[in-house]
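Chemist: Questions regarding the structure given below will be posed in turn.
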Amino acid sequence: ETKFTVKSFLESKKKNQKITVLTAYDYQMAKLVDEAGIECILVGDSLGMVVLGHDSTLQVTIDDMIYHLKAVSKGSKNALIIGDMPFLSYHVSPKEAVKNAGRLVKEGFAQGVKLEGGVEIIDKVKAIIDAKIPVLGHIGLTPQSINMFGGFKIQGTSKSQAEKIIKDSISLEEAGVFGIVLEGIPKDLADLITRKLNIPTIGIGAGSGCDGQVLVINDMLGMNTDFTPKFVKRYANLKDDIKNSVRRYIEEVKNKEFPSEEHTFSVDNRILEKLY
Ligand code: KIV
Ligand code: NA
């Protein structure tokens, strides 16, 4: 297999080949999804909810991101590794945005970074790209804005919202991003943007017309015990697999079935006799 790069993103769109992206947050999962052939691994700030148990992504820090990026980059060989810039790590100034994006690259081994927002953050996006760090855009239902949206609400359903999202996508392409995540918007709007842009769109809850798709790995493996959004497809039911395995372990330890002979070490009796 060959290394997937930001150039491969553009080539895939030209060749009309869908781009596959999944999140991962640790070494073993990164290794599995990489070996299975995923093209891009996103170390998303969704780790705040999925791994750390926060109720939004707003609490995630740059240090959290670096910790998980390091583990993921060790596990991955061929996938492109993108790290999310967490809330407030890029909003204050272009200078701070470059510094924090640089930390994800230098300390976390990210090969690119993702920022939420459009026109309002374009000076930061440009500054990061000027520092030769590839940027993936992210617009639509951007979870770092939930306090402005009033919750996790589908975006782009009104004319003014749709117009804003289209403007954002064009301005991000002009700034030089290598792709844009479209999250939680109607399919027709995502299709329109996908046709309009030369760079690929990566959809999550944005329909089948996008140039690629991304899902949160824990969601698609069915590990989530709480709530499954409409746009998630469960390819496995690890939640039940894990719970049932743990129940069996408890039962077997309690009734002395585990460990059995095959999981047990032995030593010549004569060696221990002298110790009695
Ligand atoms: O944090 C994340 O996992 C994301 C993807 C869902 C796009 O931003
Ligand atoms: Na994110």
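Chemist: Could you say which residue among 179, 150, 102 is within 16 Å of ligand 1 (Cβ to nearest atom), in the same structural domain as residue 41 (by TED's automatic domain parsing) and small (Gly, Ala, Ser)? It would help to see each step written out before you state the result.
Modeler: Values: 150 fails: within 16 Å of ligand 1 (Cβ to nearest atom); 102 fails: within 16 Å of ligand 1 (Cβ to nearest atom).
The unique qualifying residue is 179.
Chemist: With the stretch 32-119 as the region, which strands (runs of 3 or more DSSP E) entirely inside it contain at least 3 residues that are at pLDDT 95 or above and among the aliphatic types (A, V, I, L, M)?
Modeler: Values: elements: 40-43, 80-84, 112-114.
Filter on the stretch 32-119 gives 40-43, 80-84.
Chemist: Here is a further query. Filter the stretch 4-31 down to the residues that are in a helix (DSSP H, G or I) and either within 16 Å of ligand 2 (Cβ to nearest atom) or farther than 14 Å from residue 77 by Cα (or both) and list them by number. Steps first, answer last, please.
Modeler: Taking the stretch 4-31 as the starting set, the residues that turn out to be in a helix (DSSP H, G or I) are 6-14, 27-31.
Matches in the stretch 4-31: 6, 7, 8, 9, 10, 11, 12, 13, 14.
Chemist: Identify, please: which residue in the stretch 157-166 is in contact with a helix residue (DSSP H, G or I) (Cβ under 7 Å, 6 or more places away or on another chain) and more than 16 Å from ligand 1 (Cβ to nearest atom) and is, among those, nearest to residue 122 (Cα to Cα)?
Modeler: So in the stretch 157-166, the residues in contact with a helix residue (DSSP H, G or I) (Cβ under 7 Å, 6 or more places away or on another chain) come out as 162, 165-166.
With the extra rule that they be more than 16 Å from ligand 1 (Cβ to nearest atom), the set shrinks to 162, 166.
Working: 162: 18, 166: 14 Å.
Across the stretch 157-166, the extreme among qualifying residues is 166.
Chemist: With in contact (Cβ under 8 Å) with a residue 24 or more places away in the chain, touching a Pro at 6+ places or on another chain (Cβ under 8 Å) and charged (D, E, K, R) as the only criterion, which of 211, 168 stands out?
Modeler: Working: 168 fails: touching a Pro at 6+ places or on another chain (Cβ under 8 Å).
Answer to the selection: 211.
Chemist: If you go through the stretch 86-98 one residue at a time, do you hit one that is within 15 Å of ligand 1 (Cβ to nearest atom) and within 16 Å of the chain's Cα centre (by Cα)?
Modeler: We begin by selecting, within the stretch 86-98, every residue within 15 Å of ligand 1 (Cβ to nearest atom); these are 86-87, 89-90.
Remaining after also requiring within 16 Å of the chain's Cα centre (by Cα): 86-87.
Yes.
Chemist: Only one of 209, 222 is more than 16 Å from ligand 1 (Cβ to nearest atom), assigned to a loop (DSSP other than H, G, I, E, B) and in contact with an Asp or Glu (Cβ under 7 Å, 6 or more places away or on another chain). Can you tell me which? Break it down stepwise before answering.
Modeler: Numbers: 222 fails: in contact with an Asp or Glu (Cβ under 7 Å, 6 or more places away or on another chain).
Going through 209, 222 in turn, the sole match is 209.
Chemist: A further question on this structure: Go through the stretch 185-204 residue by residue and tally those that are within 24 Å of residue 134 (Cβ to Cβ), touching a residue at least 12 places away in the same chain (Cβ under 8 Å) and either buried (at least 20 other Cβ atoms within 10 Å of the Cβ) or not polar (S, T, N, Q) (or both). First the steps, then the outcome.
Modeler: Within the stretch 185-204, the first condition is being within 24 Å of residue 134 (Cβ to Cβ), and the residues that meet it are 185, 190, 193-204.
Narrowing further to those that are touching a residue at least 12 places away in the same chain (Cβ under 8 Å): 185, 190, 193-194, 196-204.
Among the residues that remain, those that are also either buried (at least 20 other Cβ atoms within 10 Å of the Cβ) or not polar (S, T, N, Q) (or both) are: 185, 190, 193-194, 196-197, 199-204.
Adding up the residues that qualify gives 12.
Chemist: Could you list all residues from the stretch 109-147 that are in contact (Cβ under 8 Å) with a residue 60 or more places away in the chain and within 15 Å of ligand 1 (Cβ to nearest atom)?
Modeler: 110, 112, 114, 136, 140, 141, 143, 144, 146
The values are calculated or read from the model by the stated rules, or taken from the named source; none is laboratory data. Since we're looking at a predicted model, the values are computed, not measured. For neighbour counting, all protein chains shown are included, and Cβ atoms are generated from backbone atoms with ideal geometry for every residue, glycine included.
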